[in-house]
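The structure appears below as structure tokens.
The values are calculated or read from the model by the stated rules, or taken from the named source; none is laboratory data. Because the structure is predicted, anything quoted here is derived from the model rather than measured. For neighbour counting, all protein chains shown are included, and Cβ atoms are generated from backbone atoms with ideal geometry for every residue, glycine included. What goes into the accessible areas is simple: the full protein's heavy atoms, side chains included, and nothing from ligands, DNA or RNA. Shrake-Rupley method; radii C 1.70, N 1.55, O 1.52, S 1.80 Å.
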Amino acid sequence: MLDNQDPAAAYELQATACLAAAEAHQERLLSVAERLAGTPEGGMELYQEAVLRCHDMIQSKGFHGDHFEFYLLKTIRNLAFPSQQKAQLRTVPLSPTLELSTPATEAPATDAVAHLAEQVSAEAQARFGMADRVALRLHAEGYSFQQISEMTTGGDQSWIRRRVNKMKNHLRAAFGRAWANLEA
């Protein structure tokens, strides 16, 4: 901010720069939001909400620096993984269950697999938090631990690896026999 410039005017310029950054990095931001939300529609809602929140916050309090893309990514992540208090206020569904898809053309095996998938999903939902379930879903979709770390926490990928492996081991122990019975 320039010394002779009104703070409100400077904040408005920064907020406008944030919108320009959101537009310039829209493809990457939307991609991350879609992966976290699980659907293109949910991703678009996360993206739009993050852009609006960042713009409004910068407009009212200003912003130090010029790393608007990072600020937008952190806001998307925070919206996707709200704290327990904020979780009750959110109305945007983020596909919290693990989804195991099964082809509709298979007859009796499909029913058994679908039933097992429902049980696994219910166990994962009861046992693990939203962030853990999203990390597991992204891992099942083929994303690396590094990519998952960048999309979710921005932190240590070894922590993500340990959490995902712990969940896989738990689900394998709980449902391994049922899965083996399906394959027999």
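Exactly one residue out of Asp66, Asp3 is part of a loop (DSSP other than H, G, I, E, B), touching a helix residue (DSSP H, G or I) at 6+ places or on another chain (Cβ under 8 Å) and modelled with pLDDT under 90, and it is Asp66. Contact map, segment 119-140: residues that are aliphatic (A, V, I, L, M) paired with residues that are open to solvent by 40 Å² or more (accessible area, probe 1.4 Å), Cβ distance under 7 Å, separation 6+ or inter-chain. Pairs shown: Val120/Leu100; Met130/Pro96; Ala135/Arg163; Leu138/Arg35. Condition check: within 28 Å of Glu27 (Cβ to Cβ) and touching a His at 6+ places or on another chain (Cβ under 7 Å). Does Ile160 satisfy that? It is false that Ile160 is within 28 Å of Glu27 (Cβ to Cβ) and touching a His at 6+ places or on another chain (Cβ under 7 Å). Scanning segment 79-92 for residues that are open to solvent by 40 Å² or more (accessible area, probe 1.4 Å) and either assigned to a helix (DSSP H, G or I) or modelled with pLDDT of 85 or more (or both) turns up Gln84, Gln85, Lys86, Ala87.
Total residues in segment 35-48 satisfying the condition of being farther than 19 Å from Ser149 by Cβ and either surrounded by 21 or more Cβ atoms within 10 Å (Cβ to Cβ) or in contact with a His (Cβ under 6 Å, 6 or more places away or on another chain) (or both): the figure is 1.
Within segment 49-78, residues that are open to solvent by 80 Å² or more (accessible area, probe 1.4 Å) reach partners that are of a type in the set (S, T, N, Q) with beta carbons closer than 6 Å, at six or more positions or on different chains, in the pairs Arg53/Thr75. Taking segment 111-184 as the region of interest, the helices (runs of 4 or more DSSP H) fully inside it that hold 3 or more residues being polar (S, T, N, Q) are 145-151, 157-183.
Figure legend. Inter-residue proximity from segment 14-27: first residues more than 13 Å from Arg53 (Cα to Cα), second residues exposed (fewer than 13 other Cβ atoms within 10 Å of the Cβ) and not hydroxyl-bearing (Ser, Thr, Tyr), beta-carbon distance below 9 Å, spacing 6+ or different chains. Indicated pairs: Gln14/Asp66; Ala17/Asp66; Ala21/Asp66; Ala21/His67.
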